[in-house]
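The values are calculated or read from the model by the stated rules, or taken from the named source; none is laboratory data. As the structure is a computational prediction, the values presented were derived from the model and not from experiment. With ideal geometry, Cβ positions are generated from the backbone for all residues, glycine too; neighbour counts draw on all protein chains shown.
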Amino acid sequence: MTLQEYKKIKMQDPEFAKVYDEVQPEMDVVRAIIDARASQNLTQKKLAQRTGIDHAEISKLENGTRNPSTKLLQRLPDGMGMVLHISFEPKKTTGRV
């Protein structure tokens, strides 16, 4: 069974779907940080050097055990020569109740 197949089955459970939806924004931030760093071929250590953020803090951000402050979110793209964009968008209907 693939991860997508497993997720599809689990999402049929309303309690699982609720928790999944609650943590999704945090996971989106984590994925964006990892993807941006990887697109620059940077290690966590190199990103730490460029941003002045402790390597352990970057590791915690990427493994989801620390939520970034807005100030920290500004420093990360600066160290990668990128710009941070944050937006509010209408919720997508999923058909779940």
Next on the checklist: Please pick out the residue among 72, 47, 76 that is touching a Gly at 6+ places or on another chain (Cβ under 8 Å) and surrounded by 15 or more Cβ atoms within 10 Å (Cβ to Cβ).
Outcome noted: 47
Next on the checklist: Pull out all pairs, ordered by first then second residue, where Cβ-Cβ is under 7 Å, the residues are six or more apart or on different chains, the first lies in segment 57-79 and is on the phi > 0 side of the Ramachandran plot, and the second is charged (D, E, K, R).
Outcome noted: 64/26
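Keeping to segment 1-33, report how many residues are among the aliphatic types (A, V, I, L, M), exposed (fewer than 15 other Cβ atoms within 10 Å of the Cβ) and part of a helix (DSSP H, G or I). Break it down stepwise before answering.
Quick first cut of segment 1-33, residues among the aliphatic types (A, V, I, L, M) only: 1, 3, 9, 11, 17, 19, 23, 27, 29-30, 32-33.
With the extra rule that they be exposed (fewer than 15 other Cβ atoms within 10 Å of the Cβ), the set shrinks to 1, 3, 9, 11, 19, 23, 27.
Restricting the remaining residues to those that are part of a helix (DSSP H, G or I) gives 3, 9, 19, 23, 27.
The total comes to 5.
So which of 3, 42 ends up being on the phi < 0 side of the Ramachandran plot and at pLDDT below 95?
On the way: 42 fails: at pLDDT below 95.
Matching residue, one of 3, 42: 3.
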Checklist entry - Across segment 34-46, what is the number of residues that are assigned to a helix (DSSP H, G or I), polar (S, T, N, Q) and farther than 30 Å from residue 92 by Cα? => result 1
Item to check | Subset of segment 49-65 that is in contact with a helix residue (DSSP H, G or I) (Cβ under 7 Å, 6 or more places away or on another chain) and within 14 Å of residue 34 (Cβ to Cβ) - its residue that is modelled with the lowest pLDDT | outcome: 64
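Quickly run through segment 47-81 and pick out the residues that are part of a loop (DSSP other than H, G, I, E, B), under 14 Å from the mean Cα position of the chain (by Cα) and not charged (D, E, K, R). I'd like the intermediate steps shown before the answer.
Step one: filter segment 47-81 for residues part of a loop (DSSP other than H, G, I, E, B), giving 52-54, 63-69, 80-81.
Subsequent filtering for residues that are under 14 Å from the mean Cα position of the chain (by Cα) retains 63-69.
Of everything in segment 47-81, those that are part of a loop (DSSP other than H, G, I, E, B), under 14 Å from the mean Cα position of the chain (by Cα) and not charged (D, E, K, R) turn out to be 63, 64, 65, 67, 68, 69.
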